[in-house]
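Heads up, the thing below is written out as structure tokens.
What follows is calculated from the coordinates using simple rules that are stated; it is not laboratory data. Since the structure is predicted, the reported quantities are computational estimates derived from the model, not experimental observations. Neighbour counts are summed over all protein chains in view; Cβ atoms, including those assigned to glycine, are modelled from backbone coordinates with ideal geometry.
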Amino acid sequence: MRRRSLLPAITLLAATLTVTTPAPSSAAPAVFTHPGVLVGTSQLDFVRDKVTTNQQPWRAAFDQMIAHPFASLSRVPKPRAVVECGSYSNPNHGCTDEREDALAAYTLSLAWYITRDNRYATKAIEIMDAWSATIRDHTNSNAPLQTAWAGSSWPRAAEIIKHVHRNWPNSGRFATMLRDVYLPEIVNGRKNTNGNWELSMMEASLGIAVFLEDRAAYDQAVSIFRTRIAAYVYLTADGPLPRTVPGSGIDTRDEIISHWHGQSTFVDGLSQETCRDFTHTGYGLAAAAHVAETARLQGQDLWGEVRERLRHAYGLHSRYQLGAEPVPSWLCGGSYKQALGPTTEVAFTALSTRLGIPMTNTQRLTERQRPAGTDKLFIAWETLTHASNPR
């Protein structure tokens, strides 16, 4: 007998307006913690111990990472002065090269931290130096997203190399690259885009702000993040319709439904991009989790602010990604597109392992996908860095 889905608790009753509430004041730390972008020293020490003592799933995750081309000691970086990325990377003039070199630098930095083999650090430095000596701009329609994706990975690598390895003569030039080439493209966000864009832009902005110790950029990233995550994941407490980003021009009932890709009924955890596809939704949720995790390392509890949105969002999407039950007809016309991707580890660890929130469906999906690899965009090796990591 087919399991009957419960009707949504909230249905559209009338035209709506933007719902806004005052956000808590943002505050960069008085003293920045380094390394402190997505991963910190105690986390990395936990991982290093698990790998060197051959404990699972960390050992399998490490073996997966070290065998990947991103960890290759013969990698040759491919920097460009101008990276041009159109919609869906068409044209693709350096887009893939930049994203993958940034992820390779992060991969090599992790490999160095765990093994202490200096060849990995040397290669990571070579890649970062090549790009900081060359790149001057991002152009075309996908420039903000491209900048965000690469700009999310670069500071993760740079934090480990500068503050743990330390022997990096050109770290100042790399900082100038982040400040002059990356940050201006992303720090102000994009109000009328799909939410994964702005959430990724804030992830990169926050990571760069930590590396640069830029308090103003940190505060702005957190402020924009708070507004966007409230407009990206719906909770019943928001009212009959989702919140919108002030100034986005998305104000009426019809405009909101169109922005939510035709979805007209709303339940806890629904994302603005759920009915676009789960893949882009995964990008947005992963970026949000990365922001909260970096803020945690800097002593700020964004997890406490977003826990309800993210636990419901991952629960809802994991439930249907698992395929154990049909998608109800009221949700995206009864079907979803594509996969959520390797996006659950950071949020699952923060919310379930650390905060003790039961997340049955998210746990099943997370464990089924281990070891989580890389999407070759901005997500990499999160089973290794975050699985059951209490620190």
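General observations
- Measuring nothing but alpha carbons in the stretch 230-282 and taking Rh as the Kirkwood radius, the Rg to Rh ratio lands at 0.92.
- Highest-first packing order for the peptide set 195-207, 91-103, 352-364 is 195-207, 91-103, 352-364, based on the mean count of other beta carbon atoms within 10 Å.
- Normalised by the number of residues in the chain, the mean separation of alpha-carbon contacts (under 8 Å, six or more apart) gives a relative contact order of 21 percent.
- Label-point gap, in nm, between Arg215 and Tyr88 - each point 7 angstrom along Cα→Cβ: 4.6 nm
- Computed over all pairs of different Cα atoms, the Kirkwood value for the hydrodynamic radius of the stretch 269-380 is 14.2 Å.
- Taking each residue as 0.36 nm, the span from Asp63 to Arg119 lengthens on full extension beyond its C-alpha to C-alpha distance by 18.4 nm.
- Rel. contact order, % - alpha carbon contacts under 8 angstrom, at least six apart, the stretch 260-310: 28 percent
- Applying the Kirkwood pairwise sum to the alpha-carbon positions of the stretch 229-334 produces a hydrodynamic radius of 14.4 angstrom.
- Other residues whose C-beta falls under 13 angstrom from the C-beta of Gly94 contribute a net charge of -2, scoring Lys and Arg +1 and Asp and Glu -1.
- Distance between the stretch 302-335 and the stretch 182-224 - C-alpha centres, whole angstrom: 26 Å
- If only the Cβ of Lys and Arg carry +1 and only the Cβ of Asp and Glu carry -1, the dipole of the stretch 99-157 around its Cα centre is close to 140 debye.
- Inverse mean reciprocal Cα-Cα distance (Kirkwood Rh) of the chain, Å: 21.1 Å
- In units of the rule-of-thumb radius 2.2 N^0.38 Å, the stretch 33-143 shows an alpha carbon radius of gyration of 1.21.
- Segment Lys337..Thr96, full-extension length gain: 84.4 nm, with 0.36 nm per residue of separation and the alpha-carbon distance subtracted.
- R0 of 25 Å, Cβ-Cβ distance Lys376-Ala324: FRET efficiency to nearest 0.05: 0.30
- 17 Å tail of the calculated P(r), the stretch 164-295, as % of Cα pairs: 60 percent
- Proxy reagent accessibility, fewest Cβ within 10 Å first, across Phe46, Phe62: Phe46, Phe62
- Fluctuation leader among Thr193, Thr33, Thr244 - the chain, Gaussian network, Cα springs under 10 angstrom: Thr193
- Summing Lys and Arg as +1 and Asp and Glu as -1 over all other residues whose Cβ lies under 14 Å from the Cβ of Asp117 gives a net charge of +4.
- Put the Cα centre of the stretch 376-391 next to the Cα centre of the stretch 128-177 and the gap is 20 Å.
- Shape annotation for the stretch 94-225: C-alpha extents along the principal axes are 45, 30, 23 Å, from largest to smallest.
- Extension gain, Thr134-Val76: 0.36 nm per intervening residue step, less the Cα-Cα distance, totals 19.4 nm.
- DSSP beta bridges fully contained in the chain are about 75 percent antiparallel.
- Using C-alpha pairs under 8 Å with a sequence gap of at least 6, the mean separation divided by the residue count of the stretch 130-262 gives a relative contact order of 24 percent.
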